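Below: one structure, written as structure tokens.
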Amino acid sequence: MSTTKCITPGTGGLRSFSIVPAQSTASYKVHENLILRNLPSIDAVGKTQDVTGSFKISSSPAPQVTSLHLTVNLSTLQTDEPMRDRFVRNRALETNQYPNADFTSTCAQGMPAHYSDGQSLSFQLPGSLTMHGKTHQETFAVTGKLIDKTISGTATTTLLMTDFDIQPPDLANIAIAQNKVLVTITFLAQEK
């Protein structure tokens, strides 16, 4: 049986965790239509390990995640194409003015009633994503597990660039990106 509404745990029994950047990755995947090169359409994938953050959990009586804050340095995202990276940084994301994406959440949804160390969990993490000077409500689908003092997992969401006043990149009609972006965060966190 799982809970569907957000329940914020009391402060008792909360454990604090910090993201380990060297073992965490934030990535985006966006579909590109390659028009003038007569090439097939592709999925452009950009990644960075410049991910920081912290959160608190309780594992009993029922598991819960609270006080989560993650920051991704967007200026360090890289794909297999330096020209694309420059365009995305300078024109689309404008990372000189808006270098980071920040996600905050106060609770998780869909947690089971009980948890055992090492058990894999799947749940929803609603919160506020701030990027390009705009804040929008997004929900990440999270899978993860706690083993002793380490939490590992993956969080994904699909967002629209235009929700953040970002125009989908159009490189001189050579490569035109779709508005929909898959964001994935693969993380490892250690107890403080």
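Where a number appears in this text, it was derived from the coordinates with a stated rule and is not lab data. Computed from a predicted structure; not experimentally measured. Note that we place each Cβ from the backbone using ideal geometry, even for glycine, and neighbour counts take in every protein chain shown.
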Worksheet entry | Span from the segment 104-171 Cα centroid across to the segment 36-97 one, whole angstrom | 12
Worksheet item: Taking the Cβ-Cβ separation of Gln78 and Asp117 as r and a Förster radius of 41 Å, what is the calculated FRET efficiency to the nearest 0.05?
Response: 0.70
Fill in: Cα-centred dipole magnitude for segment 71-158, charges only on beta-carbon of K, R (+1) and D, E (-1), debye, nearest 20
160
Worksheet, complete the sentence: Checked segment 112-162 against the a/c 1.5 cut and the a/b vs b/c comparison, axes a ≥ b ≥ c from its Cα gyration tensor; verdict prolate
Worksheet item: Across segment 92-101, in residue order, what do the Karplus-derived ³J(HN,Hα) couplings come to in whole Hz, using 6.51 cos²θ - 1.76 cosθ + 1.60 with θ = phi - 60° and x for Gly and Pro?
Response: 7, 7, 6, 5, 5, 9, 10, x, 10, 10
Worksheet item: Under the definition of Cα pairs under 8 Å and six or more residues apart, what whole-number percent is the relative contact order of the chain?
Response: 26
Worksheet, complete the sentence: Along the dipole axis of the chain (charges at Cβ: +1 for Lys and Arg, -1 for Asp and Glu; origin at the Cα centre), the most positive-end residue among Thr104, Leu121, Ser60 is Ser60
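Please list 149-155, 102-108 highest first by mean number of surrounding beta-carbon atoms within 10 Å per residue.
Details: 149-155: 16.7, 102-108: 19.3.
Final packing ranking: 102-108, 149-155.
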Worksheet item: For segment 73-192, taking Cα atoms only, what is the radius of gyration to one decimal and the Dmax to the nearest whole Å?
Response: 16.9, 54
Worksheet, complete the sentence: The size of the Cβ-based charge dipole (Lys, Arg +1; Asp, Glu -1) of the chain about the Cα centre, to the nearest 20 debye, is 240
Response to the item:
Out of Leu188, Thr71, His132 - ranked by how far each Cα lies towards the positive end of the dipole of the chain, with unit charges on the beta-carbon of charged residues - the top one is Leu188
